[in-house]
Amino acid sequence: MSKLIIFGIGDIAQLAHFYFTNDSEHEVVAFTVDRDYMKAPDFCNLPVVAFDEVDEKYPPSAYKAFIAISYAKVNAVRAEKYHQAKQKGYSLVSYISSKATHWQDLQCGDNCFILEDNTIQPYTNIGNNVTIWSGNHIGHHAQIGDNCFITSHVVISGGVRIEDNCFLGVNSTVRDHITIARNCVIAAGSLILQSTQENGVYTVPSAELSKIPSHRLRGL
């Protein structure tokens, strides 16, 4: 069992602590965060240390790390901390839920966070620092680049290429054999039928409030 330092003190860090504790071979021993963001000396009943001194108290030769932060600035914040931890010499671990469905040939990089109820088909390749929340379908021969964040109930069809630093919102769907260019944001509920442009934001209209109140609907 390896000893693990988690970067972050928010909801995702708390979830990472839960998953690593209950469903992995790693033992979480401490949290770290930038000094300006330290709120308390402990989190989840474990010590919190400033990131600028974490490698002194928990040397990379004896501890591994995991970056547990969100998709802020289209994943750029998580990517920055990932590289900073690497520069300190830490090996970054990945978590793949035992309740996710995948084949033994899954290619997955480091610092990935893949939660329960994901179906990942054969010949899929997942890069580094990728978060895949629960309940998604990742089709065969899909290629997912570094620093991506895939939320829940996303359908990525076969042969899709998702380039670095993309965000895919809840219930979005990507048709087969197209490319989502780097730094794209695919909003919740979007249907993507052709390759996207780099730095693109793809949205659909949100639901509108009807002028008819619910108690006047017929047949409902």
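One line per residue, one yes/no per condition, for (1) surrounded by fewer than 15 Cβ atoms within 10 Å (Cβ to Cβ); (2) within 30 Å of residue 26 (Cβ to Cβ); (3) touching a Gly at 6+ places or on another chain (Cβ under 9 Å):
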| site | (1), (2), (3) |
| --- | --- |
| 109 | no, yes, yes |
| 138 | no, yes, no |
| 141 | no, no, yes |
| 178 | no, no, yes |
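Mind listing just one residue for me: the one in region 6-44 that is surrounded by 16 or more Cβ atoms within 10 Å (Cβ to Cβ) and of a type in the set (Ser, Thr, Tyr) and, of those, farthest from residue 116 (Cα to Cα)? Out of the qualifying residues, it is 32. Restricting the first member to region 1-16 and to residues that are within 9 Å of residue 68 (Cβ to Cβ), and the second to residues that are surrounded by 14 or more Cβ atoms within 10 Å (Cβ to Cβ) and among the charged types (D, E, K, R), the beta-carbon pairs closer than 7 Å and six or more apart or on different chains are 7/81.
Does residue 60 satisfy the condition of being assigned to a loop (DSSP other than H, G, I, E, B), assigned by TED's automatic domain parsing to the domain that holds residue 9 and either more than 24 Å from residue 178 (Cα to Cα) or free of Cβ contacts under 8 Å to residues at least 60 places away in the same chain (or both)? Answer is yes for this residue. Scanning region 32-57 for residues that are under 29 Å from residue 185 (Cβ atoms), in contact with a helix residue (DSSP H, G or I) (Cβ under 8 Å, 6 or more places away or on another chain) and either free of Cβ contacts under 8 Å to residues at least 40 places away in the same chain or in a strand (DSSP E or B) (or both) yields 32, 33, 34.
Within the set 105, 117, the sole residue that is touching a Phe, Trp or Tyr at 6+ places or on another chain (Cβ under 8 Å), surrounded by fewer than 16 Cβ atoms within 10 Å (Cβ to Cβ) and either in the same structural domain as residue 20 (by TED's automatic domain parsing) or among the acidic types (Asp, Glu) (or both) turns out to be 105.
Can you name the number of the only condition in (1) in the same structural domain as residue 149 (by TED's automatic domain parsing); (2) over 26 Å from residue 198 (Cα atoms); (3) surrounded by 15 or more Cβ atoms within 10 Å (Cβ to Cβ); (4) of a type outside the set (A, V, I, L, M) that residue 123 fails? Evaluating residue 123 over (1) in the same structural domain as residue 149 (by TED's automatic domain parsing); (2) over 26 Å from residue 198 (Cα atoms); (3) surrounded by 15 or more Cβ atoms within 10 Å (Cβ to Cβ); (4) of a type outside the set (A, V, I, L, M) leaves (2) as the failure.
The values are calculated or read from the model by the stated rules, or taken from the named source; none is laboratory data. Bear in mind that the values here come from a model prediction, so they are computed numbers and not experimental data. Don't worry about glycine lacking a Cβ; one is built from the backbone with ideal geometry, like all the others, and counts go over all protein chains shown.
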